1. From the set of residues in segment 52-106 that are open to solvent by less than 70 Å² (accessible area, probe 1.4 Å) and charged (D, E, K, R), which is modelled with the lowest pLDDT?
2. So is Phe135 at pLDDT 95 or above, open to solvent by less than 50 Å² (accessible area, probe 1.4 Å) and in contact with a strand residue (DSSP E or B) (Cβ under 7 Å, 6 or more places away or on another chain) or not?
3. For Asp178, are the conditions met, namely being on the phi > 0 side of the Ramachandran plot, open to solvent by 50 Å² or more (accessible area, probe 1.4 Å) and at pLDDT below 95?
4. State all residues of segment 1-44 that are of a type in the set (D, E, K, R) and either in contact (Cβ under 8 Å) with a residue 60 or more places away in the chain or surrounded by 15 or more Cβ atoms within 10 Å (Cβ to Cβ) (or both); if no residue qualifies, say none.
5. Would you mention how many residues in segment 82-103 are in contact with a helix residue (DSSP H, G or I) (Cβ under 7 Å, 6 or more places away or on another chain) and assigned to a loop (DSSP other than H, G, I, E, B)?
6. Would you mention how many residues in segment 138-152 are in contact with a Lys or Arg (Cβ under 7 Å, 6 or more places away or on another chain), open to solvent by 10 Å² or more (accessible area, probe 1.4 Å) and among the hydrophobic types (A, V, I, L, M, F, W, C)?
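The values are calculated or read from the model by the stated rules, or taken from the named source; none is laboratory data. All values derive from a computational prediction rather than experimental measurement. Here the Cβ positions follow ideal geometry from the backbone for every residue, glycine too, while neighbour counts run over all protein chains shown. Heavy atoms of the whole protein, side chains included, go into the accessibility calculation; ligands, DNA and RNA do not. Shrake-Rupley method; radii C 1.70, N 1.55, O 1.52, S 1.80 Å.
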Amino acid sequence: MKKITENNYQEIINLEEFSNIILTWIDFSWYDFWWKNITDCIFEKCNFSNSKFRNTSLNNITFKKCKIMWINFNEINHNLSNFDFYDCSLNLCSFYSGFLKNTHFEDSQVKECDFSHADLEWVSFVYSDLEKSIFNQTNLTNTNFNFASNFSIDPNNNKLKKTKFSRENMNLLLQNLDIIIE
């Protein structure tokens, strides 16, 4: 894989398609990835604050240690997209009604993100902080919340089937049930 940095990213950024590259330490703040096809790439330590991915395909993409803020992931081309986040900071992003099956949000800060009406089947939030993230009418079948923290999930308002929780965070799941545990 070719490595692209802040010094040489101009050679690919205006292309409609690019693939098999590692993009590292690039500030994509406010950049509009409009109608792009990005395949088999790794974004590492990049800043995506206020970026847009309108009609863009993110196929087999890995985000590592990236700052991702104020992004509406509803604008991507969902039919051709699958991506994962490892050790990232995602803040104020929308995944509303998204189809995120098999996505990884691992070891990440996933704060104030909206997952309402999304399909999160087989998604992993292992070791992630989900402070103030919204799960409303969300499919959480086989979703893994082991060692996740600060989540609020109403079992009566979301689909939970074979969803995984660690014993340490069971109180977060039970807080919405209006029960007393002694």
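1. Glu75
2. On the way: at pLDDT 95 or above: yes; open to solvent by less than 50 Å² (accessible area, probe 1.4 Å): yes; in contact with a strand residue (DSSP E or B) (Cβ under 7 Å, 6 or more places away or on another chain): no.
Considered against the rule, which asks whether it is at pLDDT 95 or above, open to solvent by less than 50 Å² (accessible area, probe 1.4 Å) and in contact with a strand residue (DSSP E or B) (Cβ under 7 Å, 6 or more places away or on another chain), Phe135 comes out as no.
3. Values: on the phi > 0 side of the Ramachandran plot: yes; open to solvent by 50 Å² or more (accessible area, probe 1.4 Å): yes; at pLDDT below 95: yes.
In short, yes.
4. Applying the first criterion (of a type in the set (D, E, K, R)) to segment 1-44 yields 2-3, 6, 11, 16-17, 27, 32, 36, 40, 44.
Across segment 1-44, the qualifying residues are Lys36, Glu44.
5. In the first step, residues of segment 82-103 are kept if they are in contact with a helix residue (DSSP H, G or I) (Cβ under 7 Å, 6 or more places away or on another chain); the result is 93-99.
This time we only want the ones that are assigned to a loop (DSSP other than H, G, I, E, B), so: 93, 95-98.
Here the count works out to 5.
6. 0
So that you can scan it fast, the table gives a plain yes or no per residue for (1) more than 21 Å from Asp32 (Cβ to Cβ); (2) free of Cβ contacts under 8 Å to residues at least 24 places away in the same chain; (3) among the charged types (D, E, K, R):
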position: Ile68; (1), (2), (3): no, no, no
position: Asn74; (1), (2), (3): no, no, no
position: Ser97; (1), (2), (3): yes, yes, no
position: Thr103; (1), (2), (3): yes, yes, no
position: Glu106; (1), (2), (3): yes, yes, yes
position: Asp119; (1), (2), (3): yes, yes, yes
position: Trp122; (1), (2), (3): yes, yes, no
